[in-house]
1. Report the net charge of residues surrounding residue 222, where surrounding means a beta-carbon distance below 12 angstrom and charges are Lys +1, Arg +1, Asp -1, Glu -1.
2. Of 234, 217, 300, which is farthest towards the positive pole of the range 216-309's charge dipole, taken about the Cα centre with +1 and -1 on the beta-carbons of Lys, Arg and Asp, Glu respectively?
3. Straight-line reach from residue 214: which aspartates and glutamates fall under 16 Å, measuring Cα to Cα and dropping same-chain residues less than 8 apart?
4. Counting only protein heavy atoms and a 1.4 Å probe, tell me what percentage of the chain's accessible area is made up of carbon and sulfur.
5. Averaged over every viewing direction, what's the projected area of the C-alpha convex hull for the range 216-309? Give it in nm², one decimal, please.
6. Of all DSSP beta bridges located in the chain, what percent are antiparallel, nearest 5?
7. Taking a spot 7 Å from the Cα of residue 92 along the direction of its beta carbon, which residues of the range 174-198 have an amide N less than 20 Å from it?
8. Could you tell me the distance between the Cα centroids of the range 46-85 and the range 295-309, to the nearest Å?
Amino acid sequence: MQTAVRDRFLKHAPCRISADVPLAPYTSFKIGGPAALFAEPSTLSELRELLNLIRNEAVDSFYLGHGSNILISDEGFNGIVVRSCGELAAVKIHNNILESGPAAKLLKLTTFAAFHELSGLEPLSGIPGSVGGGLWMNAGAYGGEISNALIDVDVITPNDEMITLQAAEIGFGYRSAPLLQDKVILHSRFKLARGSKDSIYSEMRRVWRLRREKQPLEYPSAGSIFKRPAGDYAGRLIEAVNGKGVRIGGAMVPHKHAGIFINYDHATAEDVVQLIREIRQRVYDKFGILLENEVKPVGFKNDPFEIKS
Ligand SMILES: Cc1cc2nc3c(=O)[nH]c(=O)nc-3n(C[C@H](O)[C@H](O)[C@H](O)COP(=O)(O)OP(=O)(O)OC[C@H]3O[C@@H](n4cnc5c(N)ncnc54)[C@H](O)[C@@H]3O)c2cc1C
């Protein structure tokens, strides 16, 4: 980023902004180089003003949620990373409808719902991202997806229009939300059903228990590296190519869960990239299946996970 552009942002940004900010601490993988600029809008008006500035200056930008589904390159991101906070992380309730800011933790959404005896979000318990990030990829687990309870969501389009999209028009699918991909996700509303506190909490505890039993939560990771291929499981395919225990540098396919690669010991992004490529190649060579990434690469020049197919 040009110094003059950087200085204009540092001077005129409507919110807290810093230069050369290490991104690893903002990711669940604990991997990645710095952002040239890191901005933290805490209100809708700050966010909109910041997005205008970004458009006027024509700099690359990346909208960061809670960093639990991304792999940031070792070089970092040579643009501006936007991470909402403050008012944009608020959750409110009106009867059986929850309204959430994009930066609210999914944990906050699920526990808030449970506290108010509202059922419908229990399967999301323990997913460590934000509501905005969850909607962007239609996060889900144990038979439920965030889109199941969604009524509508406010977004900012690439032309700076603020519009409301109904859940049905977004085209949600398995870990996909096509109409949201090029938009900034703002407040969203969820319709929930009245339930009993006991049964909601007991279902949440059941889901948490399953996660603790099956997932290598003691190591940094970004959750499932690959999407589930049609009619199969990435974990099963990886096991079948003797993927468990494979280690490249500090990145490893753990024995506990073949689908969740871990930062075992000070892994670099390059270690993870090489591990993903190695495993994708093995699965492709044996089964002819090209595993699709669930984790989004950020700050790489080309698709870092591409293999010979
Ligand atoms: C241990 C572990 C377990 C996990 N288990 C699951 C699971 O069971 N099911 C599941 O689906 N996922 C799971 N994940 C992955 C991850 O938690 C979810 O995908 C989560 O929804 C990502 O949200 P985030 O805020 O961290 O997004 P980030 O990783 O910060 O970003 C992901 C993408 O969303 C975009 N984005 C984020 N916020 C916005 C916004 N407001 N507007 C526009 N774009 C935005 C980003 O630009 C990026 O492209 C797991 C991760 C970990 C580490």
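1. +1
2. Toward the positive end, the furthest listed residue is 234.
3. 239
4. Of the solvent-accessible surface of the chain, carbon and sulfur hold 49 percent.
5. Values: hull surface 22.8 nm².
The number I arrive at for the range 216-309 is 5.7 nm².
6. Details: 36 of 47 bridges.
The answer is about 75 percent antiparallel.
7. Under cut-off, by backbone N: 185-193.
8. 19
The values are calculated or read from the model by the stated rules, or taken from the named source; none is laboratory data. Just so we're clear, the structure is a prediction, and the values are computed from it rather than from any experiment. We place every Cβ from the backbone using ideal geometry, glycine too, and count neighbours over all the protein chains shown. In case anyone asks, the SASA skips ligands and DNA or RNA and just uses the protein heavy atoms, side chains included. Shrake-Rupley method; radii C 1.70, N 1.55, O 1.52, S 1.80 Å.
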